[in-house]
1. In the chain, what percent of the accessible surface is made up of carbon and sulfur (1.4 Å probe, ligands and nucleic acids excluded)?
2. So what's the net charge close to Gly9: Lys and Arg +1, Asp and Glu -1, counting the other residues with Cβ under 15 Å from its Cβ?
3. With an 8 Å Cα cut-off and a minimum separation of 6 or more residues, compute the relative contact order for the stretch 11-125 in percent.
4. Would you kindly derive the ³J(HN,Hα) couplings of the stretch 101-106 from the backbone phi angles with the Karplus curve 6.51 cos²θ - 1.76 cosθ + 1.60 (θ = phi - 60°), listing them in order in whole Hz, with x for Gly and Pro?
5. In Å, what is the Rg of the alpha-carbon atoms in the chain, and how long is Dmax?
6. Using +1 on the beta carbon of Lys and Arg, -1 on that of Asp and Glu, and nothing else charged, what's the dipole of the chain about the Cα centre, debye to 20?
7. Name the residue from Val48, Ser85, Ser31 whose Cα lies farthest towards the positive end of the charge dipole of the chain, charges +1 on Cβ of Lys and Arg and -1 on Cβ of Asp and Glu.
8. What Kirkwood Rh does the stretch 32-72 have if only Cα atoms enter the pairwise 1/r average? Answer in Å.
Amino acid sequence: QVQLVESGGGLEQTGGSLRLACAASERTFSSWSMGWFRQAPGKEREVVARISWKGADTLYTESARGRFTISRDNAKNTVYLQMNSLKPEDTAIYYCAAGRPYGSAVTPIQSFGSWGQGTQVTVSS
């Protein structure tokens, strides 16, 4: 059984920053593409960012591009999401998930699994 654990969420003001972390219980995910997703109340889960297995390539949703940065430290089995210039519409539960072995940043959304439990991000106006 593999496990992903998200951390770093919390309450921030508009314009503030948060850094989320996703720790994997197994080194296996160091060779997998990874992604960050979010789900707001009453909304469908949506992709925020994806990263290739080596971390060289990234892909962002339009609303995150220019504000958020996904990165990874495979030696620590950890994926990060740096969120700057936060807006109230960023409020959601944020999840990390594993994509594919040796996957690229364009790993199809439907390929992601092994979801973490999520971390709550709340941005006040």
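1. 48
2. -1
3. RCO, the stretch 11-125: 36 percent.
4. Taking θ as phi minus 60°, the curve returns x, 6, x, 8, 5, 9 Hz for the stretch 101-106.
5. When restricted to the Cα atoms of the chain, Rg and Dmax are 13.3, 40 Å.
6. It works out to roughly 220 debye.
7. Checking the options against the dipole of the chain, the answer is Ser31.
8. Here the Kirkwood hydrodynamic radius works out to 10.7 Å.
The values are calculated or read from the model by the stated rules, or taken from the named source; none is laboratory data. Quantities reported herein were computed from a predicted structural model and do not represent experimental measurements. Using ideal geometry, Cβ is built from the backbone for each residue, glycine included, and neighbour counts are taken over all protein chains shown. Ligands, DNA and RNA are stripped out before the accessible areas are found, and what is left, the full protein with its side chains, is counted by its heavy atoms. Shrake-Rupley method; radii C 1.70, N 1.55, O 1.52, S 1.80 Å.
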